[in-house]
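The structure under discussion appears below in the form of structure tokens.
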Amino acid sequence: MKISIDEKHLYDINADVTVVFTLDTNELLHEGVLKELGFKATQDETCYISEFKTLYVGVEANEHDLFRCAAATAIKTLSKFNYASFKVAQGDVDNKEGIFNALVEGFILGSYKFETYKSEKSPSNLKEIIFSSKTLEDKTSEISILEEILVRAQILAIATNYTRELVNATPEDLFPLKLANIARDLAKENNLECKILDESELKNENMNAMLDVGRASRHESQLIHLIHKPKNPRAIVSLIGKGLTYDSGGLSLKPAASMVSMKLDKSGGCAVLGIMKAISELNLPIEVHGIIGAVENMIGGDAYKPDDVLTAKNGKTIEVRNTDAEGRLVLADCLCYAQEKVQADYIFDYATLTGACVVALGHYTTGLMGHSTKLKHSMSRSAFNTGELVGSLPFNRYLKKQLKSEVADISNISNKPYGGAITAAQFLDHFIEDENKEKWMHFDIAGPAYVESAWGYNPYGGSGAGVRMTVDWLSNIK
Ligand code: BES
Ligand code: ZN
Ligand code: ZN
């Protein structure tokens, strides 16, 4: 899809259709017809007036994320028609640039379709979107500013769609070695350094917790390490992703219904890949390490078992009481690896870690956990900037005690049923060195990473949760 900005007035731009986003129906060019057709401009309400080749889309309030949703609605509507191009004008609203950014993102996010496994694809005829740099009231925006926003918005939305596409791939098509090859391709394309550790190298690194989780799989576990390394970086950041290409639960097998969709369990790792793609294309002046534990959690004669005691990379012993709490075992080793290899200023991990986080916050919201209130606040701002939803879940020392084990240093599950998102994060905290406590933040994306009934600009399947807020946050490092 080609998206461009034209200095001409909307009416002088050549395109098949005009799209008008509007907060109300007053003073619109086709006010009379719209009223006749009962158009009220409620959020995502559409009205196409074929005679004037104009699509009206309602927006509830002047908030950028509502425009993102409306843009997705517009493009979904138009992709069913036979037109090749449409033009867009904005009203003279507050935060024009922010809304322009949201519209560009909304069009790209809204046009994403997952059709890899469909024998009949539904290609759209839409090829071109043209924005006018003049508002309907004839006020002109600085075109160079809009151009800059356009480039950035496209990079971010395309990286989000890239993450979605990876998450949606089936476990037979995307197992750990395949994910490693995808990371290699991304590295080649985007000039990143790339190291892949196979099982023998993981053994040399004493990453036995991660290896034990993947032992029953016919696919070898892989550690992926991508590096974006500009000269004189402003900061060094490590991003760690849970890359469970499938989570059957292991011997603590998931019930049949809960196993469906567990290809989603690589979403944290796929988000890290999407972030690496975006930050390298934006050429951010920060050194970023993307570290992904790619593993498949399966059953079989060689499976790790409840009652096993595993030894993580840092020497801590872990009593396994439930093999379905596998993500934290993989992340424990990856966090140790990250801290040993990289002296980072910030350490973030992304994981579809707990169903409890979905219970706590619902399906749309990422759980943010960590010791630094400052980090959680600044990430909340970035989430707001990009239309992602986050909620902070607080640690406390009583919950942490629930991870006590009678036989090892720590148990992999809590001995009480509630607060599972927090106790999972506190399990990870055992693998964060004292000097890194304030630098670390954990993103439980179990809620928003995979969409089972479409919401906003997210269709069924992978959503790309975590990508846009993190890139926004990284872009704001001074
Ligand atoms: N991958 C799951 C968490 C999950 C559940 C993600 C639902 C997305 C949707 C994770 O590995 C898991 O199974 N966690 C267990 C932990 C429990 C055994 C302590 C869970 O949440 O039930
Ligand atoms: Zn699990
Ligand atoms: Zn899992």
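The values are calculated or read from the model by the stated rules, or taken from the named source; none is laboratory data. Just so it is clear, the model here is predicted, and its values are computed rather than measured. We place every Cβ from the backbone using ideal geometry, glycine too, and count neighbours over all the protein chains shown. Quick note on the areas: whole protein, heavy atoms, side chains included, nothing else; ligands and nucleic acids left out. Shrake-Rupley method; radii C 1.70, N 1.55, O 1.52, S 1.80 Å.
Taking the criterion of being among the β-branched types (Val, Ile, Thr) and open to solvent by 40 Å² or more (accessible area, probe 1.4 Å), the residues of region 1-55 that qualify are Val33, Thr42, Thr46.
Checking each residue in region 17-36 for being under 14 Å from Val88 (Cα atoms) and aliphatic (A, V, I, L, M) picks out Val17, Val19, Val20. Only one entry in Lys113, Lys118 is open to solvent by 70 Å² or more (accessible area, probe 1.4 Å), more than 25 Å from Ile13 (Cα to Cα) and in contact (Cβ under 8 Å) with a residue 60 or more places away in the chain, namely Lys113.
Could you say which residue among Asp345, Asp333, Asp349 is in contact with a helix residue (DSSP H, G or I) (Cβ under 9 Å, 6 or more places away or on another chain), within 16 Å of Ala209 (Cα to Cα) and at pLDDT 95 or above? Spell out the reasoning first.
Values: Asp345 fails: within 16 Å of Ala209 (Cα to Cα); Asp349 fails: within 16 Å of Ala209 (Cα to Cα).
From the options Asp345, Asp333, Asp349, the qualifying one is Asp333.
Kindly provide the set of residues from region 269-285 that are open to solvent by less than 10 Å² (accessible area, probe 1.4 Å) and more than 11 Å from the chain's Cα centre (by Cα), ordered by number. Passing the criteria: Met276, Ala278, Ile279.
Which ones in region 326-357 are of a type in the set (A, V, I, L, M), within 16 Å of ligand 2 (Cβ to nearest atom) and surrounded by fewer than 24 Cβ atoms within 10 Å (Cβ to Cβ)?
Ala356
Let's see how each residue does on (1) open to solvent by 10 Å² or more (accessible area, probe 1.4 Å); (2) at pLDDT 95 or above; (3) at negative phi; (4) assigned by TED's automatic domain parsing to the domain that holds Asn385:
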{"position": "Gly419", "(1), (2), (3), (4)": "yes, yes, no, yes"}
{"position": "Thr423", "(1), (2), (3), (4)": "no, yes, yes, yes"}
{"position": "Leu428", "(1), (2), (3), (4)": "no, yes, yes, yes"}
{"position": "Phe431", "(1), (2), (3), (4)": "no, yes, yes, yes"}
{"position": "Asn436", "(1), (2), (3), (4)": "yes, yes, yes, yes"}
{"position": "Met441", "(1), (2), (3), (4)": "no, yes, yes, yes"}
{"position": "Asp444", "(1), (2), (3), (4)": "no, yes, yes, yes"}
{"position": "Trp455", "(1), (2), (3), (4)": "yes, yes, yes, yes"}
{"position": "Gly464", "(1), (2), (3), (4)": "no, yes, no, yes"}
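Would you check if Leu34 is out of contact with any Pro (no Cβ under 9 Å at 6 or more places or on another chain) and in contact (Cβ under 8 Å) with a residue 24 or more places away in the chain? Please lay out each step first, then the result.
Numbers: out of contact with any Pro (no Cβ under 9 Å at 6 or more places or on another chain): yes; in contact (Cβ under 8 Å) with a residue 24 or more places away in the chain: no.
Against the criterion (out of contact with any Pro (no Cβ under 9 Å at 6 or more places or on another chain) and in contact (Cβ under 8 Å) with a residue 24 or more places away in the chain), Leu34 does not qualify.
Kindly provide the set of residues from region 234-268 that are small (Gly, Ala, Ser), within 11 Å of ligand 2 (Cβ to nearest atom) and open to solvent by 10 Å² or more (accessible area, probe 1.4 Å), ordered by number. Walk me through it before giving the result.
If we filter region 234-268 for residues that are small (Gly, Ala, Ser), which is where we start, we get 235, 238, 241, 243, 248-250, 252, 256-258, 261, 267-268.
Still in the list and also within 11 Å of ligand 2 (Cβ to nearest atom): 248-250, 252, 258.
Matches in region 234-268: Ser252, Ser258.
Quick one: in region 304-350, of everything that is farther than 22 Å from Glu435 by Cα and among the small types (Gly, Ala, Ser), which residue is nearest to ligand 3 (Cβ to nearest atom)? Only one residue fits best here, namely Gly327.
Just checking, which of Lys242, Lys229 is closer than 22 Å to Asn436 by Cα, without any contact (Cβ under 8 Å) to a residue 60 or more places away in the chain and charged (D, E, K, R)? Spell out how you get there, then give the answer.
Values: Lys242 fails: without any contact (Cβ under 8 Å) to a residue 60 or more places away in the chain.
So the residue among Lys242, Lys229 that is closer than 22 Å to Asn436 by Cα, without any contact (Cβ under 8 Å) to a residue 60 or more places away in the chain and charged (D, E, K, R) is Lys229.
When we screen Glu97, Glu51, Glu105, Glu27 for residues that are in a loop (DSSP other than H, G, I, E, B) and among the acidic types (Asp, Glu), the only hit is Glu27. When Ser261 is tested against (1) in contact (Cβ under 8 Å) with a residue 60 or more places away in the chain; (2) away from ligand 1 (no atom under 14 Å from the Cβ), just one condition goes unmet, and that condition is (2).
Just one of (1) within 28 Å of Ala157 (Cβ to Cβ); (2) out of contact with any Asp or Glu (no Cβ under 8 Å at 6 or more places or on another chain) fails for Thr352. It is (2).
The criterion of being open to solvent by 10 Å² or more (accessible area, probe 1.4 Å) and in a strand (DSSP E or B) holds for Ile130. Condition (residue is crowded, with 22+ Cβ neighbours inside 10 Å, over 22 Å from Asp345 (Cα atoms), within 16 Å of ligand 1 (Cβ to nearest atom) and in contact (Cβ under 8 Å) with a residue 12 or more places away in the chain) applied to region 368-391: is it met by at least one residue? There is no residue in region 368-391 that is crowded, with 22+ Cβ neighbours inside 10 Å, over 22 Å from Asp345 (Cα atoms), within 16 Å of ligand 1 (Cβ to nearest atom) and in contact (Cβ under 8 Å) with a residue 12 or more places away in the chain. Got at least one residue in region 56-63 being more than 26 Å from Leu389 (Cβ to Cβ), hydroxyl-bearing (Ser, Thr, Tyr) and surrounded by fewer than 19 Cβ atoms within 10 Å (Cβ to Cβ)? Within region 56-63, not a single residue is more than 26 Å from Leu389 (Cβ to Cβ), hydroxyl-bearing (Ser, Thr, Tyr) and surrounded by fewer than 19 Cβ atoms within 10 Å (Cβ to Cβ). Residue-level check: of (1) of a type in the set (D, E, K, R); (2) assigned to a loop (DSSP other than H, G, I, E, B); (3) buried (at least 20 other Cβ atoms within 10 Å of the Cβ), Arg468 misses just (2). Taking the condition within 17 Å of Val237 (Cβ to Cβ) and part of a helix (DSSP H, G or I), does Tyr337 pass? Against the criterion (within 17 Å of Val237 (Cβ to Cβ) and part of a helix (DSSP H, G or I)), Tyr337 qualifies.
Being within 16 Å of ligand 1 (Cβ to nearest atom) and part of a loop (DSSP other than H, G, I, E, B) is the filter here; which residues of region 217-250 pass it? Explain how you work it out, then say what you get.
Taking region 217-250 first, the residues within 16 Å of ligand 1 (Cβ to nearest atom) are 217, 221, 240-250.
Within region 217-250, Ser217, Ser221, Ser248, Gly249, Gly250 meet the criteria.
With the structure loaded, tell me whether Leu192 is out of contact with any Phe, Trp or Tyr (no Cβ under 7 Å at 6 or more places or on another chain), over 22 Å from Thr317 (Cα atoms), open to solvent by 10 Å² or more (accessible area, probe 1.4 Å) and outside the structural domain of Ser411 (by TED's automatic domain parsing) or whether it fails that test. No: the conditions fail for Leu192.
Does Thr365 qualify as being among the hydroxyl-bearing types (Ser, Thr, Tyr), in contact (Cβ under 8 Å) with a residue 60 or more places away in the chain and crowded, with 24+ Cβ neighbours inside 10 Å? Criteria not met by Thr365. Restricting attention to region 392-415, the residues that are open to solvent by 40 Å² or more (accessible area, probe 1.4 Å) and either under 23 Å from Asn314 (Cα atoms) or of a type in the set (D, E, K, R) (or both) total 9.
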